[in-house]
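> I have a structure here, written as structure tokens, and I will follow up with some questions on it.
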Amino acid sequence: MKVLLKALVVILILSQGCKNGKIELNQFSSSNDTLIIGTYKLKGSGPFSLGVSPGYFEDTDAKFSYPVLLPENIIGAKRMQMLTDYRAETKHYIDIIKGRIGEDQVFIVDQNNNKNMTDDSIRVCRPIEWQSEDHLIECIYSISKQRKIIKDTSWLRMGLINDVLWGGRSEHLIAEFMIDKEKFQVGIVAPRIGDFTYSYDPDIALISHNLIMVDSLNDRDILKQGEVIKLNDNYYRFDNISYYGDSLTLVKEHDFDKLIGIQVGMIAPDFTCLTVSGDTIKSTSLHDKIMIIANSCGCGGDIKSTEAYYEILNKYGDKIHILRLDSRIDKDLEGNHVDMENKFNKDIYNKYRNAYCSRTCYVVGRNNRIIDKFPMEEWDNNLLKLIY
């Protein structure tokens, strides 16, 4: 019965009215423990950062899910299919081809999702543009929803990186609502750019309060599902985003001060780890100084996050405890290095990394609470005010 009632509430909220694809404002009281909020979709990543992934193109005569009609003037055409829902039993795709016309490398996106590439725009391959949304490609895609196949619209960011064509979905969601007389706007993105659902590790952030926009977002502002967002004097857990992103659920958290986690303000999780030099370290013995847990990673040839660790160590070494977390670390290095591939270190991995590649720096105060988090390369702008 409770499940049925919740479903009816969702339907009621989502049917409050829609004008030009935008959900009408949701109204709540600060006495409400659960907020179920309708969302709407916008072009581009907004205040968030979304990446791209390399396209894996194959010869057009390779085995694909279905044939498409190809233009005759594309030389050496190759094709890829971008999956719209990894978990669906029935698979749907956005089709993309690339090839040459004369001296130009070109590509075509099946924007109208009709399996016909002859009626879509031919685009010259150019270096990817990160700072502009002018060249995002609007496209229609199919997806299975509640036993029906529906069509929806999104946008792709595509371009060259080192002469390879990369791309990915570029959209974000907005939820607008009132709590008492205060107006809030939160944004949601799904970092899994090759999937067109919100089922995998979505991020949320407060982007405006009473029409005052947040200038920019950083690591401390962007929250994962299960983390807690502060709205005025109340805290709400990011409980759920519907599979297709059309409704957001926030649940009031009454005991934020007692929560253990890696969010700023929370009690820092305790851990035990083993350094590459063979020392066992327990976090409970490190609370006499500020503790820094520095994630570094060489993904994509990065060296800045590793260099940042040594820069922090050299500048503040006698005032802090600092641990570097990474994989395949050489032995006999200066400092405390914790190899994430050592099974003994699964505990600290789960609590402070939980990803193969991370560059997040966590700062733990002497009171054993997370006092800040930021990308490693931004350490110089953040640590000075915390340590002195």
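> Rank these by accessible area, largest first, 1.4 Å probe: 291, 213.
213, 291
> Sticking with this structure for a sec: Could you work out how much longer the chain between residue 282 and residue 122 gets when fully extended? Use 0.36 nm per residue separation minus the Cα distance between them, nm to one decimal.
Result: 51.7 nm gained on full extension.
> Now a separate question. Taking the Cα centre of segment 30-94 as origin, sum charge times position over the Cβ atoms of Lys and Arg (+1) and Asp and Glu (-1), and report the length of that vector in debye to the nearest 20.
Using only the charged Cβ atoms, the result is roughly 120 debye.
> Listed here are the pairs 289/346; 230/346; 252/385; 224/373; which of them are more than 20 Å apart at the Cα?
Pairs exceeding 20 Å: 289/346; 230/346; 252/385.
> Around residue 143, with a cut-off of 14 angstrom between Cβ atoms, what is the net charge of the other residues, counting Lys and Arg +1 and Asp and Glu -1?
Counting the neighbours of residue 143, the net charge comes to +2.
> Using θ = phi - 60° and the Karplus relation 6.51 cos²θ - 1.76 cosθ + 1.60, list the HN-Hα couplings for segment 141-155 in order, rounded to whole Hz, with x at every Gly or Pro.
Running phi through 6.51 cos²θ - 1.76 cosθ + 1.60 with θ = phi - 60° gives 9, 9, 8, 7, 9, 6, 6, 10, 9, 10, 10, 9, 10, 9, 9 Hz.
> Of 293, 150, 370, which has the largest mean-square fluctuation in a 10 Å C-alpha GNM of the chain?
The residue that fluctuates most here is 150.
> Between 0 and 90 degrees, rounded to the nearest ten: what's the tilt of helix 304-316 against the longest Cα principal axis of the chain?
Value to nearest ten degrees: 20.
> If exposed means no more than 16 neighbouring beta carbons inside 10 Å and the site is in a DSSP loop, what's the longest run of the chain without any exposed GluC sites (Glu not before Pro)?
134-333
> Turning to a different aspect of this structure: How high is the relative contact order of the chain, in percent, counting Cα pairs under 8 Å that sit 6 or more residues apart?
Relative contact order comes out at 13 percent.
> Summing Lys, Arg as +1 and Asp, Glu as -1, what charge do residues with Cβ under 12 Å from the Cβ of residue 184 carry, residue 184 excluded?
0
> With all protein chains present and a 1.4 Å probe, how do 376, 158 order by accessible area, largest first?
158, 376
> Also, quick follow-up: Taking all protein chains in place and a 1.4 Å probe, what share, in percent, of the accessible surface of the chain do carbon and sulfur account for?
Within the chain, the accessible surface is 49 percent carbon and sulfur.
> Which value results for Rg/Rh of segment 36-84 when Rg is the Cα radius of gyration and Rh the Kirkwood radius based on the inverse mean 1/r?
1.15
> For 164, 364, what's the largest-to-smallest order of accessible area, 1.4 Å probe?
164, 364
> Now for a separate question. For the Cα atoms of the chain, what angle does the longest principal axis make with the long axis of helix 2-14, in degrees from 0 to 90, nearest 10?
60 degrees
> How far apart, in nm, are two points set 7 Å out from the Cα along the Cα-to-Cβ line at residue 381 and at residue 220?
1.3 nm
> Could you give the accessible area per residue of the chain, probe 1.4 Å, as a whole number in Å²?
Result: 52 Å² of accessible area for each residue.
> So, one more: With a 1.4 Å probe and every protein chain left in place, tell me how much accessible area residue 177 has, in Å² to the nearest 10.
Rounded to the nearest 10, that gives 0 Å².
> Segment 122-183: which trypsin sites (Lys or Arg not before Pro) are DSSP loop and have at most 15 other beta-carbon atoms within 10 angstrom?
147, 181
> Okay, moving on. Could you tally the net charge around residue 366, taking each other residue with its Cβ under 11 Å from the Cβ of residue 366, Lys/Arg +1 and Asp/Glu -1?
+1
> Let me ask something else about it. When the helix-only estimate is applied to the chain (DSSP H runs of n ≥ 4, each -39,500 (n - 2.57), divided by the residue count), what is the mean residue ellipticity at 222 nm, nearest 500 deg cm²/dmol?
The helix-only estimate for the chain comes to -3000 deg cm²/dmol at 222 nm.
The values are calculated or read from the model by the stated rules, or taken from the named source; none is laboratory data. Quick caveat: nothing in here was measured; it's all calculated off a predicted structure. Counting neighbours? That spans all protein chains shown, and the Cβs are built from the backbone with ideal geometry, glycine included. Side chains are part of the model used for accessible areas, which takes the heavy atoms of the whole protein and leaves out ligands, DNA and RNA. Shrake-Rupley method; radii C 1.70, N 1.55, O 1.52, S 1.80 Å.
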